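I have placed the structure first, in the form of structure tokens, so that the comments after it can refer back to it.
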Amino acid sequence: MRHFPFREPEFRSRRIAAKASFYLLLGASAVFGVMVGLLLVYSVNMPQMDELERYRPSTTTELLDIHGKIFGSFALERRVVVPYSELPPVLRDAIVSIEDKDFFTNGGLNLLRMVEAAYQDVHSHGKSQGASTLTMQLARNLFLSSEKTYGRKIQEIFLTLQIERHFTKQQIFTLYANQIYLGRGTYGFEAGSEYYFSKHARDLTLPEAALLAALPKGPEEYSPVRHPERALKRRNLVLSEMVNNHKITESQAEEAKAAPLGLHLEAPANSEAPYFVEEVRRQLEHEYGVDEVHGAGLRVYTTLDLDLQRVANQAVLDGTATYERRHGWKGHLQNVGAADLDSYRHPDWTQPLAANAYFHALVTEVTAGKMVVKIGGQQVTMEPADWAWTTHFKATDLAQVGDVVYVKVVTASPSLHVILEQDSGAQASMMAMDNSNGEVLAMVGGRDFALSQFNRATQSQRQTGSSFKPYDYTAAFEAGMKPTDTVLDAPASFFTPNGPYTPRNYENDWKGSMTLIDAFAESRNIPALRLADKVGINKVIAVARRFGVTSPLPSFLPVAIGAAGITLEEQVASYSVFPNDGIRIAPHYIRKVAQADGLPLEQKTPEVREVISLDIAREMMILLQAVVQHGTGAAASSLKHALGGKTGTTNSFTDAWFIGFSPSITCGTWIGFDNPAQSLGDKETGAKAALPMWMDFMKVVIADKPNEQFAKPNAPKKQLDVPVAPEGEDQATPKPAKSDDSDSDDDSDKPAPPAPAPATVPPAADAVPNDEAAPKTVSATSAKPAPAVVAGPPKPVTPHL
């Protein structure tokens, strides 16, 4: 037998190798099993890539005015989606340099950074180190939470690999650039650029692009608004990384680092026409739903004229300030306490400081000769000339430290200069619409939307005073009377179901027999009541209903002189019927709505109806023009234009109105306090308190229409670019609209509608002001000849009137 001395050891080595291989395979199988298990565990409920292909981020719905200017928006997330081509190279280089230098070459994962981060996490006993690439950040932002766990990280890796397989680098970068949060409610670099710099991303400079690229790391921590020093350091770090990544030169970086942050913050959304925006929002949400309106990126083409809206805003603010000054300094200021001087922030401080703007300011220092106030982050000093109108020489007689005062900005740059005004609570509203199509061009629902969102143009039902009288005279003309007929202005008692009603004129005088033209122009109360009593108050109310008035109108005679509450919107729409030759077009706020892809959504057309005949409309135009030519609204004749309208004042001067029109536009104004029992003060008539605001607005409206005229008596009927309802439908009485009060964001500001009083003691019954006496004499320079009367002999009113 032969012996092999090395066979035994060789056999033993093979056995060891076999065992090692077995255990190695077993371990590999275990690892593979664990990996498969992890894959199964962490891939449960993971999104599929077809979901990302269909992904449509929540985008901003934009509101555009008639000139295509964006003035408002709605958004769950403020985001403007742009393609890759709209992201400039300087911005792309800045983002990649600070977030993921190898983005365009890696496979979505940076293994070296991941190992380094894991090592730091282990040794720091935490999970503070990150190693996320742009693709990993996108996966996390789109589908995962920000929870720092290993399980979430594994899911993030799986998603990253899928994204990299299904999309190109340009597509991934575009998704990331439109998705990432940049602070202050903005998502994506286009929205961030518009917010921080008021420009498109494609127009960014190098330091601006670097600042935006600095924000994804910590949008709040590095906020240039809250923490400008941190933001500056982070921006400069981005510039240094761009140098290291060979995207810019050292000299370019140094020049950019020397530049300031250069913020030019976008004005707060919806700040120029906030009441109009709210009306649009309510309508859109009712028609399309909240999610569609706030997240689908609609483009809403509205009827607003932003230029006229700005004029209306200023007219209301200046008009109420003028009213406040007439009544002297009242004081009664809110005091926030000396301890809150640093922390106090008034709601209207979000608005940009600009000349002619009005703000509430906090008094931080006061001596006899000066008053130092704070508006936002700025301090400004007022001197005696800035409060001279108050007739108080010493500032210490006006305010103390911690008081909140009202000021007007005279100049905002190069230095801030403000003057003292007063906010005693007086409110005002204004609304203007295009006669030819019913489009609402401007709307102001109150003095300060930041303090009260209650819309006094559409939600407030206030007694109208003499501005109701056109319905009385329309009913009388439909009963056969003519403008040159006469009516008796003399003491009278009227029999009502509740007993006799004995009213009087505002001046407590009587003018005897008057033509209807003069009675209307001078706003005499007794003639209006005689006419309403003759035709019947129910007939007058039926006429108002045809004009579109849906507010409650109780069936008692004082309604004829404005004892019932009606909204400004209803009055403006009604008055537009007269220059429209009897056609009523329902006021509306939206022209069309388009989806993000440009396809239009179905939009309702406004209601158009003929509510009075051409002859009645032309006869009423004679009366309404007479108000401006020689009646209570004669001040408006200084505008030297074709105008008509009517003043309105209520008992105790609680409400003052002027509703008027040119051939193209109808505008209405109201001023009063939210408390319907609080008086504006003695002699604060519609002509004195409301008409000046209307004139400030209308002089801009008519500036580019110097030659427009109303139709002549025998001219053909006015042609409108809207279809009119078929005959037989035009006399239908509209049903009262459902109240929108529940939608108000500030119902506490809503004045309660006046309760109808018994006919024996009606509100405003004894002395509803006739707005103001017609001028006793009219100067030759301002007087205009009386309008041509309707052909035919005058018809006297029957003796019992």
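May I have the pair-distance distribution P(r) for the range 545-590, computed from all Cα-Cα distances with 5 Å bins from 0 and rounded to whole percent?
Final binned percentages: 5, 21, 26, 23, 16, 7, 1, 0.
Please sort 459-465, 369-375 by packing, taking for each peptide the average over its residues of neighbouring beta carbons within 10 angstrom, highest first. Mind dumping the intermediate values first?
Working: 459-465: 27.4, 369-375: 19.3.
For the peptides 459-465, 369-375, the packing ranking is 459-465, 369-375.
Given 4 °C and 1.567 mPa s, compute D for the range 493-538 with the Stokes-Einstein relation, Rh being the Kirkwood radius over Cα pairs; round to the nearest whole µm²/s.
Working: Rh = 11.5 Å.
Taking Rh from Cα pairs, D becomes 112 µm²/s.
Once you have the alpha carbon radius of gyration of the range 469-567, what is it after dividing by 2.2 N^0.38 Å, with N set to its residue count?
Working: Rg = 12.9 Å, N = 99, 2.2 N^0.38 = 12.6 Å.
That works out to 1.02 for the range 469-567.
Wrap a convex hull around the Cα atoms of the range 445-514, take a quarter of its surface area, and give that in square nanometres. Write out the running numbers ahead of the final one.
Values: hull surface 32.4 nm².
Taking a quarter of the hull surface, the average projection is 8.1 nm².
How charged is the neighbourhood of Tyr196? Take every other residue with its Cβ under 10 Å from the Cβ of Tyr196, and add Lys/Arg as +1 and Asp/Glu as -1. If you can, show how the numbers build up before the last one.
Details: positive: Arg184, Lys199; negative: Glu194, Glu208, Glu266.
Net charge in that neighbourhood comes out at -1.
Which whole number of Å³ per residue matches the convex hull of the alpha-carbon atoms in the range 318-364?
Working: hull volume 5.0 nm³, N = 47.
Considering the Cα atoms of the range 318-364, their hull volume per residue is 106 Å³.
Using only C-alpha positions, report the orientation-averaged shadow area of the convex hull of the range 417-534, nm², one decimal. Let's see the in-between values first.
Details: hull surface 50.6 nm².
Its average projected convex-hull area is 12.7 nm².
Please compute the Cα-Cα pair-distance distribution of the range 654-722 with 5 Å bins starting at 0, giving whole percents from short to long.
With 5 Å bins starting at 0, P(r) equals 3, 14, 19, 16, 14, 12, 9, 6, 5, 1.
Less than 13 Å Cβ to Cβ from Ala677, Lys/Arg counted +1 and Asp/Glu -1: what total charge do the surrounding residues give?
Numbers: positive: Arg462; negative: Asp655, Asp674.
Summing Lys and Arg as +1 and Asp and Glu as -1 gives -1.
Give or take rounding to whole Å, what are the principal axis extents of the alpha carbon atoms in the range 239-385, in descending order?
Between the extreme Cα coordinates on each principal axis of the range 239-385 lie 68, 51, 31 Å.
What number comes out for the charge environment of Phe477, summing +1 per Lys or Arg and -1 per Asp or Glu over other residues with Cβ under 11 Å away?
Working: positive: Lys482, Arg618; negative: Asp472, Glu478, Asp485, Asp615, Glu619.
Once positives and negatives cancel, what remains is -3.
Given the C-alpha centroids of the range 568-638 and the range 264-316, what is the distance between them in whole angstrom?
22 Å
With the Cα gyration tensor of the range 592-662 in hand, convert its eigenvalues to equivalent ellipsoid semi-axes via √(5λ) and list them largest first in whole Å. Could the numbers behind the result be given before it?
Numbers: eigenvalues 261, 67, 43 Å².
After diagonalising the Cα gyration tensor, the semi-axes are 36, 18, 15 Å.
Using only Cα atoms, what is the ratio of the radius of gyration of the range 359-477 to 2.2 N^0.38 Å? Let's see the in-between values first.
Details: Rg = 20.5 Å, N = 119, 2.2 N^0.38 = 13.5 Å.
So the Cα radius of gyration is 1.51 times the expected 2.2 N^0.38 Å.
Please go through the residue pairs Lys374/Lys408; Lys199/Lys233; Lys101/Lys217 and name each one whose alpha carbons sit more than 21 Å apart in this structure.
On the way: Lys374/Lys408 13 Å; Lys199/Lys233 23 Å; Lys101/Lys217 15 Å.
From the list (Lys374/Lys408; Lys199/Lys233; Lys101/Lys217), the Cα-Cα distance tops 21 Å for Lys199/Lys233.
Roughly to the nearest percent, how much of the accessible area of the range 297-411 is carbon and sulfur, given a 1.4 Å probe? Spell out each step's value before the answer.
Details: 2540 of 5010 Å².
The C+S portion of the solvent-accessible surface of the range 297-411 is 51 percent.
What percent of all Cα-Cα pairs in the range 523-673 falls into each 5 Å bin, going from 0 up to the bin containing the maximum distance?
2, 8, 15, 19, 21, 15, 8, 5, 3, 2, 1, 0, 0
Amide H to amide H, which residues 5 or more places from Ile590 or on other chains are under 5 Å from it, using H placed in the peptide plane?
Long-range HN contacts for Ile590: Thr303.
With θ taken as phi - 60° and the coefficients 6.51, -1.76 and 1.60, list the Karplus ³J(HN,Hα) couplings across the range 15-25 in order, rounded to whole Hz; mark glycine and proline as x.
For the range 15-25, the Karplus curve yields 4, 5, 4, 5, 4, 4, 5, 4, 5, 5, 5 Hz.
How big is D, in µm² s⁻¹, for the range 532-617 by Stokes-Einstein at 25 °C and 0.890 mPa s if Rh is the Kirkwood radius over C-alpha pairs?
Reported coefficient: 164 µm²/s.
How fast does the range 511-574 diffuse by Stokes-Einstein, in µm²/s, taking the Kirkwood radius from C-alpha pairs at 4 °C and 1.567 mPa s?
Details: Rh = 12.6 Å.
After rounding, the answer is 103 µm²/s.
The values are calculated or read from the model by the stated rules, or taken from the named source; none is laboratory data. Predicted model, so just to flag it, every value in this text is computed and none were measured. Heads up, the Cβs are rebuilt from the backbone with ideal geometry, glycines too, and the neighbour counts pull from every protein chain shown. Quick note on the areas: whole protein, heavy atoms, side chains included, nothing else; ligands and nucleic acids left out. Shrake-Rupley method; radii C 1.70, N 1.55, O 1.52, S 1.80 Å.
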